[in-house]
1. I need the full set of residues from the stretch B:103-131 which are small (Gly, Ala, Ser) and assigned to a loop (DSSP other than H, G, I, E, B), in order please.
2. Could you go through the stretch A:379-396 and let me know if any residue there is acidic (Asp, Glu), open to solvent by 10 Å² or more (accessible area, probe 1.4 Å) and at negative phi.
3. Grab the helices (runs of 4 or more DSSP H) fully contained in the stretch A:341-434, keeping just those with 2 or more residues being of a type outside the set (Val, Ile, Thr), within 16 Å of ligand 1 (Cβ to nearest atom) and more than 28 Å from A:ILE98 (Cβ to Cβ).
4. May I ask you to verify whether A:THR333 is within 15 Å of ligand 3 (Cβ to nearest atom) and open to solvent by less than 30 Å² (accessible area, probe 1.4 Å)?
5. So which residues in the stretch A:383-418 are near ligand 3 (Cβ under 8 Å from one of its atoms) and out of contact with any strand residue (DSSP E or B) (no Cβ under 6 Å at 6 or more places or on another chain)?
6. Condition test on B:HIS2, is it within 11 Å of chain A (Cβ to nearest Cβ), modelled with pLDDT of 95 or more and surrounded by 15 or more Cβ atoms within 10 Å (Cβ to Cβ)?
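The values are calculated or read from the model by the stated rules, or taken from the named source; none is laboratory data. In this text the structure is predicted, and so the values were computed from the model without any measurement. For neighbour counting, all protein chains shown are included, and Cβ atoms are generated from backbone atoms with ideal geometry for every residue, glycine included. We work out accessible area using only protein heavy atoms, side chains counted, and drop any ligands, DNA or RNA first. Shrake-Rupley method; radii C 1.70, N 1.55, O 1.52, S 1.80 Å.
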Amino acid sequence: MSDQISLSIAEPGKSHPLQKTGTTLIAMAILSVFIALFGPGKQHPFIFFWLIICLTISGTVIYSLPLFKGPAGIKNNGIMHQKLTNRGAVAWGIAILITGFYILLYWFPYLLEGLIRVMDPLSLLLKGKEANQWFMYGFFYTLAILVMGFRFIVKYRHVRYQVIRTISVMFFQLGFAFLIPAFLEKLNEPEFYFSYFWPLKYTYLFPSDVGNLISSGNIGFFMIFWGAVMTFIATPILTYKYGKRWYCSWVCGCGGLAETAGDPYRHLSDKSLRAWKIERWMVYPILTFITLTTVLLWLNSWKGGAILGGISGTFAGWYGFFIGSIFSGVIGTGFYPIMGARVWCRFGCPMAALLGIIQRFKSKFRITTNGAQCISCGNCSTYCEMGIDVRAYAQKGQNVIRASCVGCGICASVCPRGVLKLENLAEEGRFEKYKRPEDVKG
Amino acid sequence: MHIVVIGNGITGITCALNIRKLDPGSEITVVSSESEHFFSRTALMYIYMGHMKYEHTKPYEDWFWKKNRITLIHSHVNFIGAEFKVVNLENGRMLHYSKLVIASGSVPNRFGWPGQDLQGVQGLYSLQNLNEMEINTRGIREAVVVGGGLIGIEMAEMLTSRNIKVHLLVREKNYWSNILPEEEARLINRHICEHHINLLLETELKEIISDEFGKVKSIITSHENSIDCQFVGLAVGVKPNIDLLNNSGIESNRGILVNEYLETNIPQVYAAGDCAEFKYPELNDPPVEQLWYTGKMQAEALAKTICGQKTAYRRGTWFNSAKFLDIEYQTYGRMTASLDENQGTFYWENRGGKKSFRVTFNKQDRSLVGFNLLGLRFRQALAEEWIINKKPVDQCIIELAKGWFDPEFSKLFTKDIQNKFLSDTNLKLAV
Ligand SMILES: Cc1cc2nc3c(=O)[nH]c(=O)nc-3n(C[C@H](O)[C@H](O)[C@H](O)COP(=O)(O)OP(=O)(O)OC[C@H]3O[C@@H](n4cnc5c(N)ncnc54)[C@H](O)[C@@H]3O)c2cc1C
Ligand code: SF4
Ligand code: SF4
């Protein structure tokens, strides 16, 4: 098979010396994490805290420096050649490391004790109490978005849409998903994430959570109000006007991590038609399931436990285990270097499913295809983290309107012919196909 | 009806797919020797640079062909027996056809330079060339690319991505200056240098020198300068691939001669895409069109003709696009390197010297001729509408923002452009 010929190309991908230095520093950061884990973290929290932070930041910055080299532009050279980004041994190593971390975090947090203690000084400062595993997790999560966000901004500095969008996810993660919840705890108020809503944070509309919030007074009322308004009013309106991107690639923390830390892996998403089928068979049932569960729980609490008794509660528990922990964490993030960054967003997230339905059927958002300028090169499809075969639309002169599109804009950035543009225009005619004037006249 | 298509490039495949749509009952066979499946030739450079792998360049998944009942034969056509309506394949098979479409593409030009057959000297057109290039450039330090056109700059970019020092030989005064007006060409000159590519203008290749193993060691330029290099990329254009015509009775000149319906001199035999040459091209249209877009449009027209809706191919409003390293290029309308005496032109460049906008118009009625854009994007549908309707240039400039296609939040340069237009032409815009 001659299809094989060009696959036989051996790996010419040599990393830049600076990239190597950066990788070494990051490896040292990981090593410090391990050392901290085995005890020393407890005795010298300050030292380890700063060691890990400095190594991570300097490592990432140095790793990103080659992206600064030369004029700004799309810098995907060698992505398909390097082990780190081409499912090589390094990629597998990282996947195992992250997956292992999630397993410990969810089920054996006591094994992470050394590392958790490293976070105590910061936790005391922000929350006024000692750190737990979730604070530690939140810290690393935020750190990852910030440092890799920096790298992303450097890489796409010539596209303002990318720069602004990334500043936005960095801001929401740091402020809304890390600092504000910590301060709330310091003030003895309920921990609340203003940037997560039902159905992603499904418990926010569960009777139990609502009950707890009510009992904490005015601020609790405000939180319930906020959550309900965001889910039932703001979400449909914003999605109508801007598409699901306003959330998925501007605000959401899961999306934020995928966009920043997951950027080197976006080409690994599966573009096959089969994958699209699997996607639809997973994500919509999950949305249906969480909706039913929510309704059941309310009916149940309204009837004082008369309907289905504890079953709906058990339902919710299982959902939390399989979807919340295993899917969104272990597989969703752990498998970044193998399956790409948006596995959870694409196959599992009920919020994405809901936003997607609105985006597909009732929205002004579309990715416009510019006439017949597409040369079918495939860059757009390759780098679409949601596995959308963008080229299939572009080469026919059709606009890309897909439920799963998170509006990251990468397809438009990597297109070497400037064929694609994300935009919000009139709803009418958004499915219309480009026709050459010569053909229209007949 | 059995339709045989030779060549699975954009032309052959577009033709086959459109025939399938128009005529669900016909039998379609595509014979091609380069690759088993259709891939995008325009993406060859990205495979070398590691942006994509070969499989990413295939616009359709492999199951697609069977599902659409298009038979793919991975073989070479050695001979066309037009008398008996058969083609002979390299593997000994013979295919009967009711209608034959020849879409055999191009081959790179070579101009008989001394040393052009040495190891390490090659053109870039096919997948096989790409593999050669992979082998020929492994571990080398310096390379020469000959040719100041689209493939030349792509080869230079490819090599640069592997940290190979490139010397780019351009015969003309500026890069691609037979197409680009001087200002645009100079902008690209500067950008090439910014990438540390050694741009040698008004320089031609004279001779390629071998080392003791038959590999390229250096070249000598038309100025008698010697440049050390371990690789020479020849990117001096392509010519129609018409080897398969020998003794078939199908008429050819540079390419396979066709009329506006893409019919050759032999009934039921058609040719389209890079390999075809129009016998009677329309005024200002080139007889041989070697573009992705034209191959696609010719194939669409041809599919209709084959399925009984006789359709002449019309080039229509000219458009094209390319990317010179980091700078995108779009053009609409018939934009030439030098102006017609009846034409006026307006050029704007941003302060950084990496974006430019040009509009050309007819002086008499000020009607729009077309746009050239570098580093900027513009809506094709609108540009075409304006060009066809001969919209006055002044009105176009006023409404420029309507056609802007740069990503959201990008700086809108239309105000700058309008201001410069006003001061250059001493006109008042009737806003
Ligand atoms: C590196 C590169 C970059 C390019 N970039 C652009 C661009 O950006 N924009 C643009 O508009 N154009 C571009 N082009 C030009 C464009 O790719 C061609 O115009 C287009 O591919 C021609 O398509 P085609 O189907 O006519 O021929 P081809 O794509 O050449 O397909 C013909 C096929 O037929 C096969 N064949 C030939 N003879 C036989 C035989 N006897 N038996 C069996 N099979 C046979 C060949 O092996 C080949 O696979 C580029 C070309 C190259 C090489
Ligand atoms: S289609 Fe484009 S904008 Fe949408 S998710 Fe894919 S790459 Fe991002
Ligand atoms: S990247 Fe652009 S030119 Fe390439 S296939 Fe996608 S839309 Fe077409």
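1. B:ALA103, B:SER104, B:GLY105, B:GLY112, B:GLY115, B:GLY120, B:GLY123, B:SER126 - these are the residues of the stretch B:103-131 that are small (Gly, Ala, Ser) and assigned to a loop (DSSP other than H, G, I, E, B).
2. Yes, the stretch A:379-396 contains at least one residue that is acidic (Asp, Glu), open to solvent by 10 Å² or more (accessible area, probe 1.4 Å) and at negative phi.
3. The qualifying helices (runs of 4 or more DSSP H) are A:390-394.
4. No; evaluated as a whole, the condition is false for this residue.
5. Passing the criteria: A:ARG391, A:GLN395, A:VAL414, A:CYS415.
6. In short, no.
Let's see how each residue does on (1) out of contact with any Phe, Trp or Tyr (no Cβ under 9 Å at 6 or more places or on another chain); (2) away from every other protein chain (no Cβ under 13 Å):
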| residue | (1), (2) |
| --- | --- |
| B:ALA312 | no, no |
| B:GLY316 | yes, no |
| B:PHE319 | no, no |
| B:PHE324 | no, no |
| B:ARG334 | no, yes |
| B:ASP340 | yes, yes |
| B:PHE346 | no, yes |
| B:PHE357 | no, yes |
| B:ALA383 | no, no |
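Conditions tested, residue by residue: (1) within 14 Å of chain B (Cβ to nearest Cβ); (2) at pLDDT 95 or above; (3) within 19 Å of A:CYS248 (Cα to Cα).
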site	(1), (2), (3)
A:THR142	no, yes, yes
A:LEU146	no, yes, yes
A:ILE167	yes, yes, yes
A:PHE171	no, yes, yes
A:PHE176	no, yes, yes
A:LEU184	no, no, no
A:TYR202	no, no, yes
